[in-house]
Amino acid sequence: MIPSSAAASAILPYLYPFEVVIRQGFGLQFSWLCENFRAVPLMITLFLTLLLASCSFAQTKPNFVFIIADDLTYRDLGCYGGQAHTPNIDFLATQGMRFERCFQATAMCSPTRHNIYTGIYPVKSGAYPNHTFAKDGTKSIVHYLKDLDYRVALSGKSHVAPREVFPFEYSAANKNPDLEAIDRLMSDSVSDETPFCLFACSTEPHLPWSKGDASLYPPEKVILPPYIVDTPVVRENFSRYLAEITYYDNQVGEILGLLDKHGLSENTLVMVVSEQGNAMPFAKWTCYGNGLQSAMIVRWPGKVAANTTTDALVEYCDVVPTFVSAAGGKPAEVLDGKSFLPVLTGNATRHKEYVFAQATTRGISNGSDNFPIRTVRDERYRLVWNLNPTAEYQNNSTPKDYFKSMEAAAAGGDAHAIEYVNRYKHRPELELFDCSEDPLEMNNLARNPEYENTIKRLKAKLVGWMEKQGDLGLPTELDAIYRSSRTIGKTKEEIDAIWAKRSSK
């Protein structure tokens, strides 16, 4: 409705304080505007529109706090139906959005961190085995957000290289987030009026599961997933693992408390994730959902609706473009990730049709010499492609006491132990799982003729993704030794000699 002349006259005394805003922001002569408001009431509408536009320029950019665990199977968190006591994370979930289908591109620490910070899949960035490093010239979220006037800090576990690619403001306390450094960062942000992005990186609940109060989880009362063989040694280890999840939850609570202390909670996007699954079989180091699927909880007051869930397919490589978009920037074209800001703000319910991942055993601790794995998942099905199925699968869990106890149970005739120890170490070329009907991925459908077309469709998508990434499969696996951070600065000949010496032992 167009305001009357009387209404225009009544509002004029309240407009004079904004003369500077109008003159500086839009180059209008305030006196001229006032005279014309009396004659042309429609100008009131124009003025208010310009005034609102001016105010929008002054809005503060959001801060970002990304809190990540280390080897935590997402479904063990309380808000995901798990038995771990996680009151801080559970409460956060009531304040924001809980993602039911968040995935990462590999179930190993170092390539996962590279994937998060670069927004690029592992093989393309060069960071695909464990203890790895990105290709020269790769950009990370530090570069993208610094260009938008952010301070970008990482406190706790880093596990990325080289520093030129990841020029964070680093801090750590016993390889965990340094609360004093985080406190200073937030205090500086308030006093300097500078937005910040913080990656708070825990080392819990990574092995050796030595933190937290395990008495809260009596081994005899622990509930084991059915794909893990039940032995006393397994139960004792799982009890200590659950205790470290609670320890991680306490870390989350302390960091959120610092946001409250500095009055930053309302203008901070908080994202909490669980990283890959635990070090028990069929999780970390694999391409099964138990290893690749992650918790993700996002709180952003006024932007993300409280106590909501989404089943949109998202990936860790989407974090960089999402943060850049939320900061008002434009994501770089080189990124493999895609901003899921529309999902967060309620403007979309779907994000991606497919999510992809890979696993490399070559060069990892106690890993098979050559057992590359690739996988693709859509809304319902997961296809796992074991590229060298004649090899025996091994990783850093197979020498552990809990896995040895599973093998002992199998040797003693336990039918469940025999089946799952064998399934872990010896795998067919293709595995297909109906994730809707079989969320733990225990029933391989690949030999069922009914699913032939599903396998063809998913494999075509997987091969196409590999081609785009420069992933040659077996040759890429063999070249993994050249992407270890331990080999930085060494020639190919020197690396070959080191590998030959290791292989002869």
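If you plug the beta carbon distance of residue 136 and residue 230 into 1/(1 + (r/R0)^6) with R0 = 41 Å, you get a FRET efficiency near 0.25.
Cross-link partners of residue 459 among aspartates and glutamates, defined as those whose alpha carbon lies under 13 angstrom from its own and excluding same-chain residues fewer than eight positions apart: 378, 429, 431, 467. Would you mind finding the longest exposed-site-free stretch of the chain, with exposed GluC sites (Glu not before Pro) meaning DSSP loop and at most 15 other Cβ atoms within 10 Å? The segment 1-163 is the longest one with no such site.
Model label sites at residue 347 and residue 387, defined 7 Å from Cα along the beta-carbon direction, differ in position by 3.9 nm.
Once the C-beta distance of residue 457 and residue 261 is scaled by a Förster radius of 35 Å, the resulting FRET efficiency is 0.10 to the nearest 0.05.
With kT/(6 pi eta Rh) evaluated at 4 °C and eta = 1.567 mPa s, and Rh the Kirkwood radius from Cα pairs, region 167-239 diffuses with a coefficient of 83 µm²/s according to Stokes-Einstein. A Förster distance of 25 Å, applied to the separation of the beta-carbon atoms of residue 474 and residue 440, puts the FRET efficiency at 0.30. Computed from the Kirkwood radius of its Cα pairs, the Stokes-Einstein diffusion coefficient for region 272-424 at 37 °C and 0.692 mPa s stands at 183 µm²/s.
Net charge in the neighbourhood of residue 353 (other residues with Cβ under 9 Å of its Cβ; Lys, Arg +1, Asp, Glu -1) is +1. Spin-label model, residue 175 to residue 491: label points 7 Å out along the Cα-to-beta-carbon direction sit 3.4 nm apart.
Annotation for region 252-276 versus region 96-128: alpha-carbon center distance of 21 Å.
For residue 501, the lysines whose Cα falls under 29 Å of its own Cα, not counting residues fewer than eight places away in the same chain, are 124, 135, 284, 400, 404, 425, 490, 492.
Among the trypsin sites (Lys or Arg not before Pro) found in region 150-198, those both in a DSSP coil and sparsely packed, with 13 or fewer other Cβ atoms within 10 Å of their Cβ, are 163.
To the nearest ten degrees, helix 30-39 and the longest principal axis of the Cα atoms of the chain are 70 degrees apart. Across the alpha-carbon set of the chain, the Rg to Rh ratio works out to 1.06, Rh being the Kirkwood radius. With a simple spin-label model that places each label point 7 Å from the Cα along the Cα-to-Cβ direction, the separation between residue 504 and residue 332 comes to 4.2 nm. Restricting attention to the chain, close to 50% of DSSP beta bridges with both partner residues there are antiparallel. 3J(HN,Hα) along region 227-243, derived from phi through the Karplus expression 6.51 cos²θ - 1.76 cosθ + 1.60 where θ = phi - 60°, amounts to 8, 9, 5, 8, 9, x, 5, 4, 4, 5, 5, 5, 4, 5, 5, 4, 4 Hz, with x in place of Gly and Pro.
Straight Cα distances below 20 angstrom link residue 146 to the lysines 61, 330, 338, with same-chain residues fewer than 8 positions distant left out.
Taken together, the values in this text are just the output of simple stated rules run on the coordinates, not laboratory data. This structure is a prediction, so every number in the text was calculated from the model and none was measured. Note that we place each Cβ from the backbone using ideal geometry, even for glycine, and neighbour counts take in every protein chain shown.
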